[in-house]
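Asks: Dropping the structure in here first, questions after.
Where a number appears in this text, it was derived from the coordinates with a stated rule and is not lab data. Please read these numbers as outputs of a predicted model, since none were measured by experiment. Ideal geometry is used to build each Cβ from the backbone, glycine not excepted, and the neighbour counts take in all protein chains shown.
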Amino acid sequence: MSLHYEIRLSGAGGQGLILVGKILAEAAAIYDEKNATQSQSYGPEARGGASRSEVIISDGDIDYPKATNLDLLLAMTQEAMDKYSGDVKSGGIIVADSEFVHNKPEGDFTVYSFPITQVAENEIGKKLVANIVALGAIEHLSGIISEDALLSAIRARVPKGTEDINIRAFKAGQALVQK
């Protein structure tokens, strides 16, 4: 059976979800030699408005670049959860930031709620890396992209000089799932 995995990363502008989408797509396409597409959209506000990034990973052709039947949804805000949880397919995964998402939907999917932003702020010391904490959780839950590929893509994509703190954030996200 061929691989076709759809991910939507959603939340508020300024949370770094576009960067995480680019890291996921690059890790899949360059380092894991799979096919990947990445698309993004922002609300009218640059920061604080709705934001989403979509990544499709496949070992075959990708006919349509938009995610419509999600294997995994990251919801960093309640608005994102309310808006996109209906797109998660049966057996899919939702990852929510427990600090901002309090109402979880019912459905034939699994909802994981983690203190993503709190871990970034308290364990790493920078709220700014919550996106990479979420990426660590996504890697561990989905298993769709290798850890080595994601670490290489993080090193290539994050601003120079921030590689170490971002790697720590990624590992903290993996640890959330392991607990």
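Asks: For the chain, set up a GNM with springs between Cα atoms under 10 Å and report which of GLY11, GLY143, GLY92 has the largest fluctuation.
Replies: Evaluated over the chain, the most mobile residue of the options is GLY143.
Asks: Please give the contour-minus-distance gain from GLN118 to TYR42: 0.36 nm per residue of separation, less the Cα-Cα distance, rounded to one decimal in nm.
Replies: 25.0 nm
Asks: Pulled fully out, how much extra length does the chain show between THR162 and SER142, if you take 0.36 nm times their separation in residues and subtract their Cα-Cα distance?
Replies: Between THR162 and SER142, full extension yields an extra 4.7 nm.
Asks: Return the inverse of the average 1/r over all pairs of distinct C-alpha atoms in the stretch 80-171, which is the Kirkwood hydrodynamic radius, in Å to one decimal.
Replies: Radius from the Kirkwood sum: 14.1 Å.
Asks: Just the ratio, please: alpha-carbon radius of gyration of the stretch 119-179 over 2.2 N^0.38 Å, N its number of residues.
Replies: 1.01
Asks: Related question: Can you bin every Cα-Cα distance in the stretch 4-178 into 5 Å intervals starting at zero and give me the percent of pairs per bin, rounded to whole numbers?
Replies: Once binned at 5 Å, the Cα pair distances of the stretch 4-178 give 2, 9, 19, 24, 23, 15, 7, 1, 0.
Asks: Run the quick spin-label model on SER98 and LYS179: label points 7 Å from Cα toward the beta carbon, then report their separation in nm to one decimal.
Replies: 0.6 nm
Asks: Got the relative contact order for the chain handy, in percent, Cα pairs under 8 Å and 6 or more residues apart?
Replies: It rounds to 21 percent for the chain.
Asks: Considering the zone a paramagnetic label at THR110 would reach in this model (a point 7 Å from Cα along the Cα-to-Cβ line), which residues of the stretch 120-161 have amide N under 20 Å from it?
Replies: 133-147
Asks: Quick check: net charge around ASP87, other residues with Cβ under 11 Å of its Cβ, Lys/Arg +1 and Asp/Glu -1?
Replies: That sum, taken over residues with Cβ under 11 Å, equals +2.
Asks: With springs connecting C-alpha atoms under 10 Å apart, model the chain as a Gaussian network and identify which of ASN122, ASN69, ASN35 has the largest mean-square fluctuation.
Replies: It is ASN122.
Asks: Per residue of the chain, what 222 nm ellipticity follows from adding -39500 (n - 2.57) for every DSSP H run with n ≥ 4, rounded to the nearest 500?
Replies: After summing the helix terms and dividing by the residues of the chain, the value is -10000 deg cm²/dmol.
Asks: How much length, in nm to one decimal, is gained on full extension between LYS171 and LYS126, taken as 0.36 nm per residue of separation minus their Cα-Cα distance?
Replies: 14.8 nm
Asks: Among GLU99, GLU139, GLU26, whose mean-square fluctuation peaks in a Gaussian network model of the chain (Cα, cutoff 10 Å)?
Replies: GLU99
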